[in-house]
1. So G124 clears everything in (1) of a type outside the set (A, V, I, L, M, F, W, C); (2) touching a residue at least 24 places away in the same chain (Cβ under 8 Å); (3) under 26 Å from P202 (Cβ atoms) except one condition, right? Which one?
2. Is it the case, given these coordinates, that T206 is assigned to a strand (DSSP E or B), of a type in the set (S, T, N, Q) and more than 24 Å from T64 (Cα to Cα)?
3. Anything in the range 215-227 that is in contact with a Cys (Cβ under 9 Å, 6 or more places away or on another chain) and not in a loop (DSSP other than H, G, I, E, B)? List them, or say none.
4. Looking for whichever is charged (D, E, K, R) and in the same structural domain as P265 (by TED's automatic domain parsing) here; the options are K108, K122, K170, K145. Which one fits?
5. Only residues that are of a type in the set (A, V, I, L, M, F, W, C) and either closer than 25 Å to G112 by Cα or surrounded by fewer than 19 Cβ atoms within 10 Å (Cβ to Cβ) (or both): list them for the range 179-212, please.
6. Checking the structure you have, find out if any residue of the range 211-227 is without any contact (Cβ under 8 Å) to a residue 40 or more places away in the chain and more than 22 Å from V274 (Cα to Cα).
7. One residue is enough: does the range 220-236 have a residue meeting the conditions out of contact with any strand residue (DSSP E or B) (no Cβ under 8 Å at 6 or more places or on another chain) and at pLDDT 95 or above?
8. From the set of residues in the range 247-274 that are surrounded by fewer than 16 Cβ atoms within 10 Å (Cβ to Cβ) and hydrophobic (A, V, I, L, M, F, W, C), which is nearest to I211 (Cα to Cα)?
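The values are calculated or read from the model by the stated rules, or taken from the named source; none is laboratory data. From a predicted model like this one, the values you see are computed outputs, not experimental measurements. Here the Cβ is made from the backbone with ideal geometry for all residues, glycine too, and neighbour counts use every protein chain on show.
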Amino acid sequence: MSTRSTRARLGRSFRPAGGPLSLTVGAAVAATLVTGCAGKSPSHAASSPPPSVAPTSGSLPLVTTFATLKNIAQDTKAAADGTVTHPIKAIPVSAAPGGPPVATLPDKELGGPTWVPVVETKPGWQRVLLPSRPNGATGWIADGKDKVRTAYSPYTIKVDTSSRRLSLLKSGRPVGTWTVAVGAPKTPTPVGRTFIMASLAPAKPTYSPLILPVGAHSESLDTFGGGPGTVAFHGWPQKSVFGQAVTHGCVRVPSDALQQLAKVPLGTSVSIAV
C-alpha cells in the first residue's frame, strides 16, 4: 500500500464523492443540520451531535465533525501527494507515531465512508487531516492492509476568498474555474487546508441537490442551524450571489461547478486562501 502505483490502481475503483450513497435517515437530515447553510439563525452556543452520532468511543472522543479535540497536532502544511485513506474499522488516533491514543477515527462519517487525506508518513504510520475542531487538526493512525484502505485522488480544489474564485484541478491541470460566493466579513470562510468529508443528497433539497461538507468549521460561529458550523460546498438558486461575500462560511457554487465537484473523491484536498 506504500507505492504510488498501488494507490493509483486502487483509485480506479475509488467511488467519487458524488456517486450513490447509502444514506441513513440521520445522514440525510444531516445534509442541512450539519452545515445549516440556509437554516435557522446562527448561534455562538455550544452545539450537540444528533442522536445518530456517538460522541465518544469508549473513553476516547470520536473523531467526527461534531467533536472538538484536545492534545492534537496542527497541520504542518507539508506537501501532500493526493493519497487518501479509509479505516477499515474504527481506528485509534495518536498525537505522535506510536504514542498513546487520544481519539478514535470511525470508519463512517455522516452515513458514508470515512476518507481522509494523508499529509505525512513514517514507517507503519500515516498522519492524516481530521474533520473535527480545531481546524487543521491532524493525527497519526497505524498503516497496514488490515487496518486501512489507501487510494489516490488526482484532484485538488482551490478557493481564493479575495477574488471569490474556485478552481478545480486534476493531475495539476485545470478542470474549471468559477466565480463563487464566500463568507461575509463577520462570518468568513475559514482559510487553510481541509478536505471533502462527505457527499449528502437531501431528500427534499431546498437550495442545493448536493451538499459537500468539508473538514473545517466556521471560526466565528460555534453552531449554525442546530449543527456544529461545518463549512460546505453547495449550490444556490439565485445567481446574483456569485462573486459576493454573503454566506455564513460555506462556499456557494454555480450548478456546473457543483456537477464537477460531484465527481471528486472523498478525502480530496481543499485549499482555502485569502
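1. Of (1) of a type outside the set (A, V, I, L, M, F, W, C); (2) touching a residue at least 24 places away in the same chain (Cβ under 8 Å); (3) under 26 Å from P202 (Cβ atoms), only one is false for G124: (3).
2. Working: assigned to a strand (DSSP E or B): no; of a type in the set (S, T, N, Q): yes; more than 24 Å from T64 (Cα to Cα): yes.
Here the answer is no, as T206 does not meet what is asked.
3. F224
4. Numbers: K108 fails: in the same structural domain as P265 (by TED's automatic domain parsing); K122 fails: in the same structural domain as P265 (by TED's automatic domain parsing); K145 fails: in the same structural domain as P265 (by TED's automatic domain parsing).
Of the residues listed, the single one that is charged (D, E, K, R) and in the same structural domain as P265 (by TED's automatic domain parsing) is K170.
5. Selection gives A184, V191, F195, I196, M197, A198, L200, A201, A203, L210, I211, L212.
6. Looking for residues that are without any contact (Cβ under 8 Å) to a residue 40 or more places away in the chain and more than 22 Å from V274 (Cα to Cα), one finds none in the range 211-227, hence no.
7. If we filter the range 220-236 for residues that are out of contact with any strand residue (DSSP E or B) (no Cβ under 8 Å at 6 or more places or on another chain), which is where we start, we get 220, 226-227.
In the following step, the residues that additionally are at pLDDT 95 or above were identified as none.
No, every residue in the range 220-236 fails to be out of contact with any strand residue (DSSP E or B) (no Cβ under 8 Å at 6 or more places or on another chain) and at pLDDT 95 or above.
8. Filtering first and then ranking leaves A273.
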